[in-house]
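Here the structure comes first, spelled out in structure tokens, and everything after it is commentary.
The values are calculated or read from the model by the stated rules, or taken from the named source; none is laboratory data. These numbers were taken from a predicted model, which means no experiment stands behind them. Glycine gets a Cβ as well: all are built from the backbone with ideal geometry, and neighbour counts include every protein chain shown. These accessible areas exclude ligands, DNA and RNA; they are computed on the full protein's heavy atoms, side chains included. Shrake-Rupley method; radii C 1.70, N 1.55, O 1.52, S 1.80 Å.
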Amino acid sequence: EQGFQPLAVYRAHLQTVFPQALDALTPEQRDLILHGSEDGRPIGALFISSERGLCGPFNDRLIAQGLQRIRALAVQNHAIQFLCLGSRGKRLLEAAGHSFLYAKPLPSLAIPSYVDIEGVALDLLELAERGMFGRLVVVHNAPVHRFQYGVTLRDLLPPTIATPQRPLKRVTVKPARDASTLVTH
């Protein structure tokens, strides 16, 4: 839970920067980013499981409930492409008879590094650009209450961003002057 606290600050910052960035785009570029172009392409379902030992029920519930919710999307005439971060989740999905468009293990005792996550993000963006899916839904366990987690589905691509209601003043975004702070961020 403490690990999520810095993300709230980052999220708040992005919520102010994204509308400004969108305002700088042409209407066609903005529409493509905000609405994507599914064109009947499959939905990518990215499952993120835990690699830690003794997380069997944690991962079992994630896969069972996640598959149930993803099947509801498939009923709406969308094919599903499975993607997975975490070898334990991958094994459970394979046991359920699913094949993968993309799969990658996670570290078992540490938070993945920025470089690792950047690599995953670039891989996913490349798959999206190649038309392997038109929408990417992330299926993960999210904290609900102290030591309690619930299965959550979240659209990742195309991003859900509110368009500005009024023109915004343009702001030049500059990297932090302190290189070590920027690298840590």
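Summed over the range 85-131, the residues that are in contact with a strand residue (DSSP E or B) (Cβ under 6 Å, 6 or more places away or on another chain) and either acidic (Asp, Glu) or farther than 28 Å from PRO57 by Cα (or both) give a count of 1.
Scanning the range 69-95 for residues that are loosely packed, with under 11 Cβ neighbours inside 10 Å and either more than 19 Å from ARG135 (Cβ to Cβ) or at pLDDT 90 or above (or both) turns up just one, ALA95. The residue pairs whose first member lies in the range 47-64 and is within 14 Å of SER87 (Cβ to Cβ), whose second member is modelled with pLDDT under 85 and open to solvent by 50 Å² or more (accessible area, probe 1.4 Å), and whose beta carbons are closer than 8 Å, counting only pairs six or more residues apart or on different chains, are SER50/PHE58; GLU51/PRO107; GLU51/SER108; ARG52/SER108; ARG52/LEU109; GLY53/SER108.
Taken over the range 55-67, the residue count meeting the criterion of being touching a strand residue (DSSP E or B) at 6+ places or on another chain (Cβ under 9 Å) and not basic (Lys, Arg) is 8. Considering only residues in the range 96-137 that are small (Gly, Ala, Ser) and in contact with a Gly (Cβ under 9 Å, 6 or more places away or on another chain), the one that is modelled with the lowest pLDDT turns out to be SER108. The residues on offer are ALA110, ALA72, ALA142, ALA95, and the sole one that is farther than 30 Å from ASP23 by Cα and under 15 Å from the mean Cα position of the chain (by Cα) is ALA142.
The rows are residues; the columns are (1) within 20 Å of the chain's Cα centre (by Cα); (2) over 27 Å from ALA72 (Cβ atoms); (3) modelled with pLDDT under 80; (4) exposed (fewer than 10 other Cβ atoms within 10 Å of the Cβ).
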site: PRO6; (1), (2), (3), (4): yes, yes, yes, no
site: GLY36; (1), (2), (3), (4): yes, no, yes, no
site: ILE43; (1), (2), (3), (4): yes, no, no, no
site: PHE47; (1), (2), (3), (4): yes, no, no, no
site: CYS55; (1), (2), (3), (4): no, no, yes, no
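Screening the range 108-159 for residues that are exposed (fewer than 12 other Cβ atoms within 10 Å of the Cβ) and touching a residue at least 12 places away in the same chain (Cβ under 8 Å) and picking the one that is nearest to ILE43 (Cα to Cα) gives GLY131.
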